[in-house]
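Bear in mind that the values in this text are calculations on the coordinates, not laboratory data. All values derive from a computational prediction rather than experimental measurement. Every residue, glycine among them, receives a Cβ derived from its backbone with ideal geometry; neighbour counts consider all protein chains shown.
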Amino acid sequence: MSTTAAYAAHAAKAPLAPLTIQRRDPRAHDVVIDIAYCGVCHSDIHQARDEWGGGIFPMVPGHEIVGHVIALGSAATKFKIGDAVGVGCFVDSCRQCAQCHAGEEQYCDTGMTATYNARDADGAPTYGGYSTRIVVDENYVLSIPAGIALDRAAPLLCAGITTYSPMRHYGVKAGDCVAVVGLGGLGHMAVKFGVALGAKVTVLSTSESKRGDALALGAHAFAATGDAQTFKRLAGSFDFIIDSVSAPHDYNAYLSLLKVDGCMILLGVPETPSPVAAGALIMRRRKLVGSLIGGIAQTQDMLDFCAEHAIAADIEVIRMDQINDAYERMLRGDVRYRFVIDTASLRA
Ligand code: NAP
Ligand code: ZN
Ligand code: ZN
């Protein structure tokens, strides 16, 4: 076991504070990773505050992990010491079900093993990337391509793959009209991917102050959702809506913006359900779907796509002890567009 510095929510809704954890000794196929940076996802807040229920405390959040390989298990062959690597939202799965065989481990029949707030095959709690070191089976580790700065790569491991995966699965293509709802960590990556795929991207945001940023990110248009005219003006105009809003909101209002056969993709996980009117779907044969992160193979494909298209997250690097303030800022929509923890601040 190796003693590792970390930050944890010691109980639901408690501010995060230091915690010392133990990482396992590497098993045959394990990779030991010295964590350089970890992105801060809104899912970290939902879970640290136990908004989804069933939280395991103390909880060390963090599933946008990048760092370097510092040791390998005896049979690990995929990486070598010094490689830049990443770990996303899960660290294991059953490896036997149809989804695991199809490379969609996030939909594993028996449930993927989440990077934190889960239990591994031995029943031990998993601890995430708000820490200096992690030990992960090589089959669940990603290679970070040269050319993407490591701190800007971290958010790709969740915000990146979560937006890239449904765009690929549902076939967003050149010329499609795509609305991105909520310009946060996920939303800003959705804009970048949509633009790279040749779509005509409109940002729909509660924050008028993000108009300039949205256009600078490459969006073709911006509309404030606080303005009732927005919903009249844009009715029936999108092929896809990518909804990354973290708080409860009226899905029906956004569904009205889809064309015939248009598809609204839910990514955000508000803590309470919202009713959907059948008519909002029936009248134009619209689709309302959801999507969960992405599999290991597609995550590597996404990272390679980012390297090829010079895509990375727009970030604000923070020290570990700034995390509680960062959470409050995210809840106010005040993040441009991902906080990334520099774990050097945990070693000091
Ligand atoms: P984030 O950076 O905090 O961004 C969320 C954005 O939602 C905000 O920036 C804000 O954008 C908008 N928003 C917030 N409150 C709102 C409200 N009351 N009404 C309307 N819009 C509001 O969060 P994130 O890290 O991108 O995560 C977004 C959601 O996706 C979270 O629920 C998270 O748990 C979930 N998630 C899901 C997956 C998955 O696999 N499906 C993966 C990762 C995260 P504007 O200021 O532009 O309005
Ligand atoms: Zn996440
Ligand atoms: Zn499985």
**Message:** Please list, by residue number, every one of the trypsin sites (Lys or Arg not before Pro) in the stretch 76-153 that is coil in DSSP and has at most 13 other beta-carbon atoms within 10 Å.
**Reply:** LYS80, ARG95
**Request:** Multiply the residue gap between ILE81 and GLN22 by 0.36 nm, knock off their C-alpha separation, and tell me the result in nm, one decimal place.
**Result:** 19.1 nm
**Message:** With +1 assigned to the C-beta of every Lys and Arg and -1 to the C-beta of every Asp and Glu, and no other charges, what is the dipole magnitude of the stretch 160-290 about the Cα centre in debye, to the nearest 20?
**Reply:** 400 debye
**Message:** Given contacts defined as C-alpha pairs under 8 Å and at least six residues apart, what's the relative contact order of the stretch 160-290, whole-number percent?
**Reply:** 21 percent
**Message:** About the Cα centre, and with charges only on the beta carbon of Lys, Arg (+1) and Asp, Glu (-1), how big is the dipole of the stretch 1-143? Nearest 20 debye, please.
**Reply:** 300 debye
**Request:** Would you mind working out the magnitude of the charge dipole of the chain relative to its Cα centre, with +1 at each Lys and Arg C-beta and -1 at each Asp and Glu C-beta, to the nearest 20 Debye?
**Result:** 720 debye
**Message:** Using only the Cα atoms of the stretch 56-106, what semi-axes does the equivalent ellipsoid have when each is the square root of 5 times a gyration tensor eigenvalue? Give whole Å, largest first.
**Reply:** 22, 19, 11
**Request:** Show that you can apply the helix-only estimate: for the chain, add -39,500 (n - 2.57) for every DSSP H stretch of four or more residues, divide by all residues, and state [θ] at 222 nm to the nearest 500.
**Result:** -6500 deg cm²/dmol
**Message:** How are the alpha carbon pair distances in the chain distributed across 20 Å bins from zero to the largest one, expressed in percent?
**Reply:** 32, 58, 10, 0
**Within a Gaussian network of the chain (alpha carbon springs, distance under 10 Å), most fluctuating of ALA71, ALA121, ALA154** = ALA121
**Fill in**
Kirkwood Rh over alpha-carbon pairs of the stretch 265-343 plugged into Stokes-Einstein at 25 °C, 0.890 mPa s gives a D in µm²/s of 150 µm²/s
**Complete:** A convex hull over the alpha carbons of the stretch 166-222 yields, per residue, a volume in Å³ of 63 Å³
**Request:** Normalise the Debye intensity by I(0) for the stretch 160-290, one equal point scatterer per Cα, no solvent, then take log10 at q = 0.10, 0.17 Å⁻¹ and round to two decimals.
**Result:** -0.26, -0.82
**Asked** Past the 20 Å Cα-Cα mark, which pairs from LYS80/LYS192; LYS173/LYS232; LYS259/LYS287; LYS192/LYS232?
**Response** LYS80/LYS192; LYS173/LYS232; LYS192/LYS232
**Gaussian network model of the chain, springs between alpha carbon atoms under 10 Å - residue of LEU183, LEU197, LEU157 with greatest fluctuation** = LEU197
**Asked** How high is the relative contact order of the chain, in percent, with contacts defined as C-alpha pairs under 8 Å that are six or more residues apart?
**Response** 18 percent
**Prompt:** Rounded if a/c is under 1.5, else prolate if a/b beats b/c, else oblate: with a ≥ b ≥ c from the C-alpha gyration tensor eigenvalues square-rooted, which is the stretch 1-148?
**Reply:** oblate
**Request:** Specify the residue with the greatest mean-square fluctuation among ILE318, ILE242, ILE144, computed from a Gaussian network of the chain linking alpha-carbon atoms under 10 Å apart.
**Result:** ILE318
